Structure formats: structure tokens, C-alpha cells
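For reference, the structure discussed in these notes is given below.
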Amino acid sequence: MRKPPAWRGPGLVLVALAAIFAVAPRLYSNESVLFTMMTFMALAQGLNLLYGFTGYLPFGYVGFFGTGAYATSLLVTFTSLPVIAAVLLGGLAAVVVGLILGPLFRLSGPYFSIANLAASQIIYNVVANEALKPITGGPYGIKIEHVYAPTASYVTMLAILLAATALAAYFRRSRFGLGLRAMHQDPISASLAGVDIVRERLIAWLASAAIAGLAGGAYAWNLSVFYPEAVFTLQISVFAIVFALFGGVGTVIGPLLGAALLYAFYAGIGVSAPQYFELLYGLLIVLLVLFLPNGLASLLTRRNVDVL
Amino acid sequence: MRRPFQRAWTACAAGLLASGLALSAAAAQTAPSEIKIGTLYASSGAFAVPSQSQLQGLKYWAAGVNRSGGVFVKAFDKKIPVKIVAYDDQSSTATATTLYSQLVTQDHVNILMADFGSVLTSVAIPIAAEHHMLLIDPTGSGANFFTRKTNYLADISIPTSAVWPRVLGDFILAHKIKRVAIIYDSNDFDASQATTLKATLEKGGVKPVYDHGVPTSESNYTVLIHTIAASHPDAVVEFGYALNDIAFFHALSGSGLHFKMTFSIFPGQLLALLEKNVGTKALAYTFTYPVPPLVVYDKTNLGPNTGTFVKAWTAATKSAPNALDTAGFNTGLIMQHMLGTAPTFTQLAFHQALIDMSGKTTTLLGEFKINENGAQLGEQLPVAQVVPEGKGLKFVIVYPPNKATGKAIYPAPRN
């Protein structure tokens, strides 16, 4: 019996994702919910690239998201670049910030997470500083409503989600990803086996930053009028982490499932039973931690199903 | 020979189009069974207290009009009951974005009203414009919102934040206070006030001796207050949200320091909340903006005057209304007049009705006056001082002179 090609599974996931989010606005007209769901799916997947494959948990992941949002908005405000180009450069700005923060990898475990959190707050405070009002708008926020285009930003976010998923599939299936996972398990043995730890870890970090930056750019385009706290709020980091963990990190479909299900639940309770929101959401997280510490994907892996 | 035929076809097509438009207009003018007002509130997070008060005020107004058979809608020449559709955004802009969209695309509300404050209003502005809906903005006063002409935004129950401190600046100059310290939260609402105050003071030749922005999440002012004291100010102006004010007064009373004049925003809006958290003594002789119902408007030409409203609210809810309750109620009142005067049931007609009311209407919040950018330029805020009276506190309006009910006690005595 012939073994199916290695890229068939990920390819199917990409096609399914594209089809679902292409059709969904025709079935459900609150495009904003779908857009935000895609944003968190992309962020959960981006975070998965780093945490799922290297074990480094970036509490300050929102720093890249906010950087992308602001870089895109500033490029739209001060240049005549097309918005798509500004979004791409927003991703690049996040990569530059990632490079600057590269030395954080001298730390590990909770020290890395906390230092990363501090870095994101520093970026936030710089952007929101009143002295930078002529450039960033400071605490007054920024307005790019002249380019507000919900459909175009929706399509862009879908493309970013597909790119993040393709990257996760590459990490999962490639020799490069194998090196990352080896490093996650035992960095010294991986190094002795020829894995260039510093280089591979940095690539994963920058890829993760790029996804957050791109998502931030598309999010800013969709929001178009916002204050710094809207794109630097720690809630974004927390959601990305919880969603990724709920689905199961280190897999391709885990973060997608986790973000889609939990966000749908979040949006559903928010509309139908807002008075029970915190109770129900908190209960769900407690149950997850108690009974599914490795996420939803572990339900499938226990039954030897390939979760990609 | 073909031309007459072409003309005939063109005429027929135009006729069909016109009848189609007339039919669709007639369909659009079918009276709904209820007027749906969609809004958001925050049950938790930074804006929970004021947001819920604003919603309570709106609900109180809706209950009142529904008791009398609904709100009169001129476009249908009849009264129609009001239904409020409200979702909880938990003070999160991301959640608010999806919920505003929910109100427009799923609930198909007739009127879209923003949550409390600038942060939660900001994300509604592009959504409203995209869907060609007028955004009724009760308390989102960010100066950044009102920079260009729009048919889809109207600031109803609060003046745009850039104009708030003008009277305060004049008061400081009139009292020849030369050493002023300003500490403010780094958000649109507070920072724009700091900017306006500095500009007003600088026109009078006063340059602040201390001028510092802090994060909106600031909760410990102890070190900051000592730093301010080191600059030897006569007046300390603190611009923050209610939780910042509480933290500021806690730190000030705990520090043992005393300034000749202390100003903050929320004693004038949520006095009961501040008294409960920091005590009466800590607030004595503080200066603030007194917002109705703390400042009274006896003569109105729309709705009850302040005194009548306070009495009715207190009888119905067994508690006195605060400024945000009043703002929510006033927003309902303005919407009621808007529906009662708009000749057609369209968003543009609603907007035009508001423009037509502007400058001619006085409610329990004072003069309603919006400009073409949607900014509220009426409802100006005087300066008041919180003065001990028995075991409690009372407000004395001290500036401008034509509204003053007493004289400022300056320098403030040490408590």
C-alpha cells in the first residue's frame, strides 16, 4: 500500500480553512466575529510556532501584534504605500523587534516569559507616550479610517492564517521542525547531533513574530480607529496562549481547533448569556487544565489519529 | 428612426426604476413593532462602574416612555415601544468590536448607541460609518473622534474632552496661582484635558512646574505625590478615571502632604463611590467639575429639569442618581426628541434632527449643541469645590462667576 504524500494532510487543512472562511460570511453576516476568530487562530498558530516547537512561552507575544498594528498604521498615515504593502511591512517591523529582542534567549523558562512580557510593555509605553504624539498619536490613539475596508482586511487575515498554518505544517513535517523538537526535549543532545540551536530557535522566534506582526497589521486595518491599549492589551497574549493550549501545542490543527472552539464559545456566551460569561468561561478553563492538560488534540493522539 | 424607440425604452426603464425606488421606500417606511436601541455595557474591567450607570439611566428612560405607550416616532405618526438590546463587552475593545457588529448585522437595531467612554466608543465609529448608521455617543468625548464632518456620529451627553478644562484654566489664572502641577493618565480623555489646560495656562503666562503622564492602569501614586511635592506646587491637578482618583486620594491622605489646591475629575461625577473608598475627610476642599445632577439646571425646554429628575429617580430606585445615570437618561431623552422630529425613519434624517435641535435645546445637562463633526460643544462644566457639611460633603460652584454659588476656599485648610 502506498503511503499518502506528506503534504496531503496539511494541504487538506489549508483548503478546508480557506473554504470555511470564504463561505462563512455568506452564512453569518457578523463578519467581525469571523475576523476576530481568524485573528486569534493566526495568533494561536503563531505562538505555537515558538512555544509548541521550542518550549519558549512568550507572555509578551502581544508586543509583536501591537508593533505590526502600529507599523502598518504609521505607514498608511505617512506614506502612500498600498495598505497590503503596509501590512507586510508591519510583519517586517515585528521581525526587526524580534531581532532586537533576540538576546532574551539567554534566559529560559519563566525568566524568558517574564522578560518578554516586560519587553511588550516597554514597546506599549513607548508607543503610547505623549512625547511621540506627532508620530504615533501617543495616548490619543491613531485613525486610519480613510482606508477602512472590512472585506479586504478579512481576506488579508485569511491569507495570514493560511501562511501561519502552512508554516506550522512545515515545522511539523520538516527536518528543521524535527531539530526544533529535539532541542525542546534536550538541547545539549540536539546540539551534539548537529542541530544549530541558536539559528533554528531564532528562526522560529522570528517566524512567530512575523505572524503576530502581520496579524496586528490586518487587525489595525480592520479596526481603523484605536488606542494603544486596544492592540497592546495583555488579554491578546492571554487569549492566544489559552487558545493554543486548549487545542494542543506542537500540532498543526490543535491551535486552530482551540482558537475556533473557544472563541466561538466566548462570542456565543457574550451574546446569549453575558451574565454567566466569566463563570462559564472560567469553568471551562478549569476543566481543561484538570482533564485535558495536553489540549484537545491529545484526544485524537491517544487514539493514534495523526493530528498533523 | 431608432432614437424615439431609445427614448421610449429609457423612459420606461426610468419609470420602472422610479416605481421600484418608491416601492422600496414605502417598504422601508413600514412601522416596526418596536424601536430597537442597541448598546453595550461593561460588567467587569476598567469601565464597569460608569458603564453600568450609563445603561441604568438609559433603561430608566426606556421604562418611562414604555409606560406611556412608547416613543413617538414622527415618521410613522404614532408611538412605538422601545426595546434595549444590550451586550456585555467586559471593557474589552476586541469584544466590543464584534458586539457592535452583532447589533448592526444580526439584531438589526434601529439606533446604535455606544458604551461609556472614549475607549469603548472608538471601535464603534468605523462600524457605524461602514453600515451608514448614526452612532449615538453618550460619553465618548475623545477629541480625536471629531476631526471631520460626518453624518454618522453625535456626541450627546458630555462635552468633547478638549473643552472640559477651559473654565478650570481660567479659574487658576483668576486666582493668580502660578505653580501648577499636572499629572494625567496617558489616554485620550485625560491627556487631551492636560493639553488644553496647559495651553490655557500658558496663554496666561503660567508654565506647569510638574507635567507628567502615567499609565491608565496606575494604582499607586505614593512616589508620584512625593515627586510632585518636591516641585513645590500651589495647585495639583490630577486627570484620571475614577479608579485613578481613588488611588490618588488614598496616596495623598496617606502621605501626610497637603497642597493649597487639589483638583480631580470624578468627585464631581461619582462622589458616593469616592467617598466610600477614600472617606469624606480625604475629599474635603477638593476642586472638581460638577456634572449634573450635582450642578442644577432649573430651566429646560426638553424633559424634566434636574430637580424633578433627581426626585423621580430617587423615588423609583431608592438611591440618588449619579452623573452617568443622568447621562444615560439624557441620551434617551435626546433620542426621543430625535425620533419625534425626524420626518423619515432613516439614519440621515435622525442626524439632521439632531443638528436641527442643536443650540435650541436645553435639557437637565444644559445646552445641547453639536457641530458638524459630531462634537458636543454645549453642556459646559463649571468648577466646584467639595466642602464639608455636617458629616458629609456638599458642592459649591466657584467658577465662572455667573454660575457661582459660593466663594472658593483657597488655600484649602489642612484636614
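The values are calculated or read from the model by the stated rules, or taken from the named source; none is laboratory data. These numbers come from a predicted model, not from an experiment. All Cβ positions, even for glycine, are placed from backbone atoms using ideal geometry, and neighbour counts span all protein chains on display.
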Exercise. Quick check: is even one residue across the stretch A:193-215 within 14 Å of another protein chain (Cβ to nearest Cβ), within 21 Å of A:Ala119 (Cβ to Cβ), among the β-branched types (Val, Ile, Thr) and part of a helix (DSSP H, G or I)?
Worked result: no
Exercise. Checking B:Pro401 against (1) closer than 30 Å to B:Pro233 by Cβ; (2) touching a residue at least 40 places away in the same chain (Cβ under 8 Å), which test does it fail?
Worked result: (2)
Exercise. Out of (1) buried (at least 24 other Cβ atoms within 10 Å of the Cβ); (2) in contact with a helix residue (DSSP H, G or I) (Cβ under 6 Å, 6 or more places away or on another chain); (3) at pLDDT 90 or above, what's the single condition that is false for A:Tyr227?
Worked result: (3)
For this session: Output the residues belonging to the stretch B:86-111 that are aliphatic (A, V, I, L, M) and either at the interface with another protein chain (Cβ under 10 Å from one of its Cβ atoms) or within 15 Å of A:Tyr28 (Cα to Cα) (or both).
Result: B:Ala86, B:Ala94, B:Ala96, B:Leu99, B:Leu103, B:Val104
For this session: Pull up the stretch B:30-72, narrow it to residues that are β-branched (Val, Ile, Thr) and crowded, with 20+ Cβ neighbours inside 10 Å, then point me to the one that is nearest to the other protein chains (Cβ to nearest Cβ).
Result: B:Thr39
Exercise. Can you tell me which residues in the stretch A:118-148 are surrounded by fewer than 16 Cβ atoms within 10 Å (Cβ to Cβ) and small (Gly, Ala, Ser)?
Worked result: A:Ala118, A:Ala131
Exercise. Among the listed residues A:Phe105, A:Phe171, A:Phe78, which satisfies the condition of being surrounded by fewer than 19 Cβ atoms within 10 Å (Cβ to Cβ), in contact with a Lys or Arg (Cβ under 9 Å, 6 or more places away or on another chain) and among the aromatic types (Phe, Trp, Tyr)?
Worked result: A:Phe105
Problem set entry | Residue within the stretch A:230-240 that is out of contact with any Phe, Trp or Tyr (no Cβ under 9 Å at 6 or more places or on another chain) and away from chain B (no Cβ under 11 Å) present | no
Seminar exercise, completed: From the option list A:Pro110, A:Pro82, single residue qualifying as modelled with pLDDT of 95 or more and out of contact with any Asp or Glu (no Cβ under 9 Å at 6 or more places or on another chain) is A:Pro82
Exercise. Within the stretch A:127-135, is there a residue that is farther than 30 Å from A:Leu14 by Cα, more than 14 Å from chain B (Cβ to nearest Cβ) and either in contact with a helix residue (DSSP H, G or I) (Cβ under 8 Å, 6 or more places away or on another chain) or among the polar types (S, T, N, Q) (or both)?
Worked result: yes
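Can you say whether B:Ala114 is assigned by TED's automatic domain parsing to the domain that holds B:Gln347, among the small types (Gly, Ala, Ser) and more than 22 Å from B:Gly378 (Cα to Cα), as far as the supplied structure shows?
no
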Exercise. Helices (runs of 4 or more DSSP H) wholly in the stretch A:1-104 with at least 1 residues that are within 14 Å of chain B (Cβ to nearest Cβ), out of contact with any Ser or Thr (no Cβ under 8 Å at 6 or more places or on another chain) and within 18 Å of A:Ile211 (Cα to Cα) - which ones?
Worked result: A:31-47, A:62-78
For this session: Give the number of residues within the stretch B:208-229 that are touching a residue at least 12 places away in the same chain (Cβ under 8 Å) and part of a helix (DSSP H, G or I).
Result: 7
For this session: Report whether or not A:Glu130 is touching a residue at least 60 places away in the same chain (Cβ under 8 Å) and charged (D, E, K, R).
Result: no
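With the requirement that a residue be assigned to a loop (DSSP other than H, G, I, E, B) and charged (D, E, K, R), what does the stretch B:188-207 give you?
Of the residues in the stretch B:188-207, the ones assigned to a loop (DSSP other than H, G, I, E, B) are B:204-207.
Answer for the stretch B:188-207, where residues must be assigned to a loop (DSSP other than H, G, I, E, B) and charged (D, E, K, R): just B:Lys207.
From A:Val238, A:Val231, which residue is without any contact (Cβ under 8 Å) to a residue 40 or more places away in the chain and within 30 Å of A:Gly141 (Cα to Cα)?
After applying the criteria, what remains is A:Val238.
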Exercise. Restricting attention to the stretch B:241-252, does a residue exist that is of a type outside the set (Phe, Trp, Tyr), over 30 Å from B:Met335 (Cβ atoms) and either within 14 Å of another protein chain (Cβ to nearest Cβ) or assigned to a loop (DSSP other than H, G, I, E, B) (or both)?
Worked result: yes
Exercise. Looking only at the stretch B:174-207, which residues are farther than 21 Å from B:Phe249 by Cα, free of Cβ contacts under 8 Å to residues at least 40 places away in the same chain and buried (at least 17 other Cβ atoms within 10 Å of the Cβ)?
Worked result: B:Thr195, B:Thr196, B:Lys198, B:Thr200, B:Leu201, B:Val206
Problem set entry | Set B:Ala114, B:Ala181, B:Ala191: member being touching a helix residue (DSSP H, G or I) at 6+ places or on another chain (Cβ under 8 Å) and facing another protein chain (nearest Cβ under 10 Å) | B:Ala191
Exercise. Taking the stated definitions as given, is B:Leu134 at pLDDT 90 or above, more than 14 Å from chain A (Cβ to nearest Cβ) and in contact with a His (Cβ under 6 Å, 6 or more places away or on another chain)?
Worked result: yes
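Determine, yes or no, whether A:Tyr154 is more than 10 Å from every other protein chain (Cβ to nearest Cβ), surrounded by 21 or more Cβ atoms within 10 Å (Cβ to Cβ), aromatic (Phe, Trp, Tyr) and touching a residue at least 24 places away in the same chain (Cβ under 8 Å).
yes
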Seminar exercise, completed: Restricting the stretch B:297-336 to residues that are outside any helix (DSSP H, G or I) and among the hydrophobic types (A, V, I, L, M, F, W, C), the one surrounded by the fewest Cβ atoms within 10 Å (Cβ to Cβ) turns out to be B:Ala320
